[in-house]
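S.K.: Before we start, here is the structure in question, set down as structure tokens.
Where a number appears in this text, it was derived from the coordinates with a stated rule and is not lab data. The shown structure was predicted, so the numbers you read here are calculated from the model rather than taken from an experiment. Cβ: placed from backbone, ideal geometry, glycine included. Neighbour counts: every protein chain shown.
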Amino acid sequence: MNKSSSRIQVQSKVLETAYPNATKNVVAFEESIRKNSFETIAVFDKEGNILLQNSGNEKGAAVPITVNIENGIFTHNHPTLPEDGRYGRIGTSFSDIDIYHAIKFNQAEVRVVTETSTFSMKRPNSGWNVSANEFQSAYNSENKIVTDDLLNRLRYKKTTYDKIIVTIDHKIMKNLSKKYVWEYSKMKTS
Ligand SMILES: [Zn+2]
């Protein structure tokens, strides 16, 4: 085997961050946590320096805010839970708390990685366009609309419970990102 053919590498797809100089470090960090059974969260600055980091259990992690994290990139993983069903590796999109904190601390971007996917919500140039509290009430209404719709489809066998688990948060985020003109993306990255 010659040298070039022995150096074949499988490159996974990269979902760019809000800051070109930060992407390499953020993505390397995300690759190191995406398959963990516990949650780790971190905030990066424009240049990809890590400002804060902490790990918790499978349900979440908290981190004391000791430095200025405004305009940072907040990222973390959503572990696959045993009850997540047959599409569990795809995982779930953002929770209301993820977005609430991104708005409250005026983050440039919030990201979440699962075993196979990366989700990103980027703040537009005009800002988040909503207060954290207003967002929370909009989320609660949207959550009710999407949940009712999916349960209705389940009743008529147009979807399955396993599918609902991995689509519900994604649908809510899609609708809210449209409402507030946020840049939302989901990519299969692993
Ligand atoms: Zn989260």
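S.K.: Just tell me which aspartates and glutamates come within less than 12 Å, Cα to Cα, of Lys35; anything on the same chain fewer than 8 places away is out.
M.R.: Cross-link targets: Glu58, Glu115.
S.K.: Follow-up question, since we're still on this one. For a quick check: sort Phe94, Phe135 by the number of other beta carbons within 10 angstrom, fewest at the front. It would help to have the intermediate numbers written out before the result.
M.R.: Values: Phe94 25, Phe135 21.
Lowest to highest Cβ neighbour count: Phe135, Phe94.
S.K.: Then there is this: If each DSSP helix of 4+ residues adds -39,500 (n - 2.57) and the sum is divided by the residues in the chain, what number results at 222 nm, nearest 500 deg cm²/dmol? Can you show the working numbers first?
M.R.: Values: 4 runs with 64 residues, N = 190.
Value at 222 nm, helices only: -11000 deg cm²/dmol.
S.K.: Provide the descending list of Cα extents for the chain along its principal axes, expressed in whole angstroms.
M.R.: Over the chain, Cα extents along the principal axes are 58, 44, 30 Å.
S.K.: Would you mind calculating the relative contact order of the range 1-128 from Cα pairs under 8 angstrom and at least 6 residues apart, reporting the percent as a whole number? Could you put the intermediate results ahead of the total?
M.R.: Working: 229 pairs, mean separation 28.1, N = 128.
About 22 percent, as a whole number.
S.K.: Still on this structure, please answer the following. Put +1 on the Cβ of each Lys and Arg and -1 on the Cβ of each Asp and Glu in the chain; which of Gln136, Gln107, Leu15 then has its Cα farthest toward the positive end of the dipole?
M.R.: So the residue furthest toward the plus end is Leu15.
S.K.: Another question, if that's okay. In whole Hz, what ³J(HN,Hα) sequence does the range 31-38 give by Karplus (6.51, -1.76, 1.60; θ = phi - 60°), x for Gly and Pro?
M.R.: Rounded to whole hertz, the list is 4, 6, 10, 4, 9, 5, 8, 10.
S.K.: Just want the ordering: Thr80, Thr147, from fewest to most Cβ atoms lying within 10 Å of their own Cβ. Present the calculation step by step, with values, prior to reporting the outcome.
M.R.: On the way: Thr80 22, Thr147 14.
Listed from fewest to most nearby Cβ atoms, that is Thr147, Thr80.
S.K.: Right, something else. Suppose we keep just the DSSP beta bridges with both residues in the chain; what percent of those would be antiparallel, to 5? Please report the intermediate quantities before stating the final value.
M.R.: Working: 21 of 26 bridges.
Roughly 80 percent of the beta bridges in the chain run antiparallel, per DSSP.
S.K.: Tell me, Val63, Val110, Val27 in order of fewest to most beta-carbon neighbours within 10 Å? Could you put the intermediate results ahead of the total?
M.R.: Values: Val63 19, Val110 26, Val27 22.
The fewest-first ordering by Cβ neighbours comes to Val63, Val27, Val110.
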